[in-house]
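Structure, as structure tokens:
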Amino acid sequence: MELLNKMMELQEADGSVSDAALHKLSKETGTPLYRLEGLRGFYPVFRAHPAPKTHVRVCRDISCAMRGGNSFCRDVASALSGVADVEVEEASCLGRCDTAPAATVNEIPVSGSVEEIRAYAQGETPLPPDEPKAAPAKWPTDPYEDAAHHYGTLKSLLSAGEEKKQEVVETLKASGLRGMGGAGFPTGMKWDFTAKARGEPKYVVCNADESEPGTFKDRLILEELPHLMIEAMVIAGWIIGAAEGVIYLRHEYGKERKALTHAIDQARATGALGVSVFGADFAFELRVFISPGGYILGEETAMLEALEDKRGEPRNKPPFPTNAGLWGKPTLINNVETFAAVPVILSRGAQWWEAQGAGDCKGLKFLAVSGDVEQPGVYCVPMGTTINELLERCGGVPEGKALAAFAPGGASSNFLPAAKGDVALDFQALQDAGSMLGSGAVIYVADGRDLVELASNVVRFFRNESCGKCVPCRVGSAKAVDMLETALAGNPQQNLIPLLQEMGDTLAKTSICGLGQVALAPVLSVIENFSEAAAARLGGSNGGRKP
Amino acid sequence: MTEKQSGQKLISLTIDGKTVRVPEGTTIWEAAREAGIDIPVLCHSPRMEPVGVCRICVVEIGERVLAASCVRKCEEGMQVQADSDDIQQHRKMLTALLLSDYPQQSAREESTGDDELLALARDYGITELTFPDGAAGPEGRGTDGSSPVIAVDHQACILCDRCIRACDDIQHNDVIGRTGKGYQARIAFDLNTPMGESSCVACGECMAVCPTGALTNKSVAGLKIVVT
Ligand SMILES: Cc1cc2nc3c(=O)[nH]c(=O)nc-3n(C[C@H](O)[C@H](O)[C@H](O)COP(=O)(O)O)c2cc1C
Ligand code: SF4
Ligand code: FES
């Protein structure tokens, strides 16, 4: 954290991290030059040369491409070409897919037409305020009437004492709460493993790196419910025996950072953080680490590498973080939404939580909805709500069009046909239907869209965000993008479909982490579920044009 | 297991049906070698800490995905399948992916004849490119002839990490690392300077461990070894 923080300070102060600055840093810290170059070259926030006065980043990923069109980034660039001191850069998903097409001007989020973004960049339109909401909405996972009651669950646990610890773990297990970051691992079990793991000190880490295309539900929680996440991290520290927590936050979440920092200050003032939490014999401190960028840092072991000032390349597993995490010590890592669900479960009980779900499903779920819907945004719904019900809540498909397909769990989840619209948004149900709940992002696709093009956009995202550590993902994703682009240009190579399937199999089975393992999945799901559309673009099931 | 201390707990597992007993902490690849089962590797070298990045050494251990045997530790009762049609297919695919970016000529193959990637390609009978050729055209990764001793062909680099471990972990010269990310990642010297201008002391360890034509000895490269 120290080294990367120093480099981020340099970047902030000088607009770049120059060779001269790195030579100096190398001497001061005794860090070899190659390591500093490794960091500068890996993380997108670092620049070897200063940025111009105005720096525009335009999202190129799926939800924004659906709203703004495939040439949106290029159109913004050409609208600003020749303008002095302005730079336009294509960026990966900015986490603001609800206001697609999304862009930032000097890190301030904006959205709108090409003309509107040009006007922001040239200072003709003042940039929108970048402050968190003053009066957040009331969400059903918040057990507190008002701010005066915040941290009440933590307070009563601490006053009840040690014997409550096992009860907390049992309640979490009974609630059926599962990880909301993508993998869906049972939360109670993870807390239990980390509590029982041997090694000192232990750490609590919150994964707030949300960067998967279509995903922005953690953003809302960070802005509107940060107290729940903080409270759960302190409770987790008490349960597993940790005194230190780190929130790993993506750097594009500026106003969310303000809301979070404010909430941490308040927690400290209330007594929920510090050397003696609410007067108990228990110390806990929290810090926020701002990610120097890249989707891969959301993979939990890549995140740990970044926190250890290394290139954010995922580790070979096992060992898992519960046993050997930050600095090799037992580390509890949960997603923002997972943590934020804990206070209400502990204060109202596992049965209350279970009963919030629809049918056999348990609990509440935050979902980020984008794509072809009237009202994109974050919705908190009963787990088990169907795809069609959610679509109705979001105002349906614009222009009265029919639904053609949907991706229920972010860009890495398989596309399913509209005919499966009665599937429940739930871990098991979606897995049975051939997709996954993943990162809690539902992307709706209307009739008339080119699904092969959309799926190729997602493969391109994975290519762009691959860390490059392992061969299948680094080379496989790049070759797949090359071949898909040639096909989309009208010249599919022979046997493309079987070749993609074979590659996909190797990537799924041999890649180190989840990124490479799913990199081709979206396009393979289109091949499987929309075979005619796929054949039209990729050259038939036996592939290619005859020579 | 000469390098392992004696007195360590022994565990047993099966590899391709053979029962093997090894000290706790042994990797699957090491255990297989003990049992006379050869698992191919590219990034691994027994002299170094394994990194598990090329994935050529993958084996089936009954999990959701395959395991890289060079880094994966043996566990009691593990049933390892080190060879099958599927595994061969994956190894062949990985080799084919690397070959599609490989230069026409490998300085190692041309001189000492021991290019490990080309040897794998022969083993898997890969004779033509399956994927778009990444070595042709102007976007190639280029060469660096600035060092008086070591020839660098970035296009032949497969990012196996061997030179990096040799330079930093074995020799403690701390010159070589990786820069860039994803498909743009490459090895770099110091702050990505040409090798000849870097703090390289030309110890030669990197070119000795390199499995491909990426880092070779200038005085040997260019000489053709004629096999009679
Ligand atoms: C490529 C990749 C990216 C990921 N990104 C995130 C992320 O942004 N946020 C997150 O919470 N989990 C992310 N995950 C999942 C984490 O590795 C990890 O499973 C999760 O943070 C654990 O918390 P949970 O059990 O509460 O879900 C990602 C996984 C992969 C493979
Ligand atoms: S699968 Fe991709 S992102 Fe994951 S470790 Fe390998 S190269 Fe990096
Ligand atoms: S030899 Fe095991 S991954 Fe390369």
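Miscellaneous remarks
- Selection from A:Pro32, A:Ala21, A:Gln11 lying farthest towards where the dipole of segment A:2-42 points positive, charges on Cβ: A:Pro32
- Unit charges on C-beta of K, R, D, E only; dipole of segment A:445-547, Debye: 320
- Shielded residues, segment B:78-116 - accessible-area loss of 20 Å² or more between chain alone and all protein chains, probe 1.4 Å: B:Gln89, B:His90, B:Met93, B:Leu94, B:Leu97, B:Leu98
- Relative contact order [Cα under 8 Å, 6+ residues apart], chain A, whole percent: 13
- Averaged over the residues of B:169-179, the number of partner chain Cβ atoms lying within 10 Å of the residue Cβ comes to 4.
- For segment A:451-538, the C-alpha radius of gyration sits at 0.98 times the compact-globule guess of 2.2 N^0.38 Å, with N the residue count.
- Here A:Thr331 sits with roughly 0 square angstrom of accessible surface, probe radius 1.4 Å.
- For segment A:2-42, the alpha carbon positions stretch 22, 21, 19 Å along the principal axes, listed from largest to smallest.
- Under 5 Å between amide hydrogens, built in the peptide plane, is the criterion, and for A:Gly184 it picks out A:Gly179 among residues at least 5 positions away or on other chains.
- Vicinal HN-Hα couplings computed from phi for segment A:206-212 (Karplus, 6.51 cos²θ - 1.76 cosθ + 1.60; Hz; Gly/Pro x): 9, 8, 10, 9, 2, 9, 7
- Between the alpha-carbon centres of segment B:1-79 and segment A:371-403 there is a gap of 50 Å.
- Charge dipole of segment A:328-432 about the Cα centre (unit charges at C-beta), most positive-ward option of A:Ala419, A:Phe406, A:Pro382: A:Pro382
- Centroid-to-centroid separation of segment A:88-137 and segment A:242-304 [C-alpha atoms, Å]: 26
- Added length on full extension, which subtracts the Cα-Cα distance from 0.36 nm per residue, A:Arg47 to A:Asp422: 130.2 nm
- Phi-derived couplings, Karplus 6.51 cos²θ - 1.76 cosθ + 1.60 at θ = phi - 60°, listed residue by residue for segment B:162-169: 5, 5, 5, 5, 5, 6, 8, 8 Hz, with x used for Gly and Pro.
- The fraction of Cα-Cα pairs per 5 angstrom bin, counted from 0 for segment A:241-355, comes to 2, 10, 16, 19, 19, 17, 12, 4, 0 percent, rounded to whole percents.
- Farthest toward positive dipole pole in segment B:82-165 [+1 Lys/Arg, -1 Asp/Glu at C-beta], among B:Gly113, B:His154, B:Tyr102: B:His154
- Placing dummy labels 7 Å off each Cα toward the beta-carbon, the span from A:Glu162 to B:Gln79 is 4.5 nm.
- Which of A:Met483, A:Met8 is most accessible, then next, and so on - probe 1.4 Å: A:Met8, A:Met483
- Rg and Dmax over the alpha-carbon atoms of segment B:46-138 stand at 15.6, 52 Å.
- Accessible surface for segment A:356-446, divided over its residues, is 32 Å² per residue with a 1.4 Å probe.
- Based on protein heavy atoms only, segment B:8-83 ends up with 44 Å² per residue of surface accessible to a 1.4 Å probe.
- Burial here means at least 40 square angstrom less accessible surface with every protein chain in place than with the chain by itself, probed at 1.4 Å; in segment A:461-490 the buried residues are A:Lys469, A:Val471, A:Arg474, A:Val475, A:Lys479.
- Entry note, chain A: the mean residue ellipticity at 222 nm calculated from DSSP H runs of n ≥ 4, each adding -39500 (n - 2.57), is -13000 deg cm²/dmol after division by the residues and rounding to the nearest 500.
- If R0 is taken as 45 Å, the Cβ-Cβ distance between B:Gln8 and A:Lys310 corresponds to a FRET efficiency of 0.90.
- Paramagnetic label zone (point 7 Å from Cα along Cα-to-C-beta, B:Lys218; backbone N under 16 Å) in segment B:133-165: B:143-154
- Measuring with a 1.4 angstrom probe and ignoring ligands and nucleic acids, A:Trp238 comes out at about 20 Å² accessible.
- Both radii were evaluated on the Cα set of chain B; the Rg over Rh quotient, with Rh as the Kirkwood radius, amounts to 1.00.
- Whole-percent carbon and sulfur share, accessible surface of the protein assembly as shown, 1.4 Å: 49
- Nearest-0.05 FRET efficiency for A:Glu285 and B:Gln104, computed from C-beta distance (R0 56 Å): 0.45
- Chain A: Rg to Rh, with Rh as the Kirkwood radius over Cα pairs: 0.96
- Close amide H contacts of A:Leu286 (hydrogens built in the peptide plane, cut-off under 5 Å, sequence separation of 5 or more or a different chain): A:Gly245.
- Segment A:Lys401..A:Asn5, full-extension length gain: 137.7 nm, with 0.36 nm per residue of separation and the alpha-carbon distance subtracted.
- Note on the protein assembly as shown: with charges restricted to the Cβ of Lys and Arg (+1) and Asp and Glu (-1), its dipole about the Cα centre is near 740 debye.
- Accessible surface, per residue, of segment A:54-121 when the full set of protein chains is kept, probe 1.4 Å, Å²: 36
- Extension gain for A:Gln501 to A:Ala183 (0.36 nm times residue separation, less C-alpha to C-alpha distance): 112.1 nm.
- Table column - 3J(HN,Hα) (Hz), segment A:279-287, Karplus curve with 6.51, -1.76, 1.60, x for Gly and Pro: x, 7, 7, 7, 9, 8, 10, 10, 9
- Net +/- balance of residues flanking A:Ala283 in space, Cβ distance below 15 Å, scoring K and R +1, D and E -1: -1
- At most 16 other Cβ within 10 Å, DSSP loop - GluC sites (Glu not before Pro), segment A:115-166: A:Glu124, A:Glu145, A:Glu162, A:Glu163
- Those residues of segment A:13-48 for which accessible area with every protein chain present is at least 20 Å² below the isolated value (1.4 Å probe): A:Asp19, A:Pro32, A:Leu33, A:Tyr34, A:Glu37, A:Gly41, A:Phe42
- Summed over both chains, the area buried between A and B is near 3500 Å², taken from the accessible surface of protein heavy atoms with a 1.4 Å probe.
- For A:Asp265, solvent-accessible area (1.4 Å; no DNA, RNA or ligand), Å²: 80
- Charging the Cβ of each Asp and Glu at -1 and of each Lys and Arg at +1, and nothing else, the dipole of segment A:69-165 about its Cα centre rounds to 420 debye.
- Residues whose placed amide H lies under 5 Å from that of B:Ala188, excluding near-sequence neighbours: B:Gly177, B:Arg178, B:Thr179
- For chain A, A:Cys73, A:Cys93, A:Cys97, A:Cys206, A:Cys361, A:Cys380, A:Cys394, A:Cys467, A:Cys470, A:Cys473, A:Cys513 stand unpaired, since no other cysteine beta carbon lies under 4.7 Å from theirs.
- Inter-probe distance in nm under a simple model that places probes 7 Å from Cα toward Cβ, at B:His172 and A:Ala137: 6.0
- Computing FRET efficiency as 1/(1 + (r/R0)^6) for B:Gln184 and A:Ser276, where r is the C-beta to C-beta distance and R0 is 45 Å, gives about 0.35.
The values are calculated or read from the model by the stated rules, or taken from the named source; none is laboratory data. Worth saying up front: this structure is predicted, and the values here are computed from it rather than measured. In this analysis, Cβ positions are derived from the backbone assuming ideal geometry, glycine residues included, and neighbour counts consider all displayed protein chains. Ligands, DNA and RNA are stripped out before the accessible areas are found, and what is left, the full protein with its side chains, is counted by its heavy atoms. Shrake-Rupley method; radii C 1.70, N 1.55, O 1.52, S 1.80 Å.
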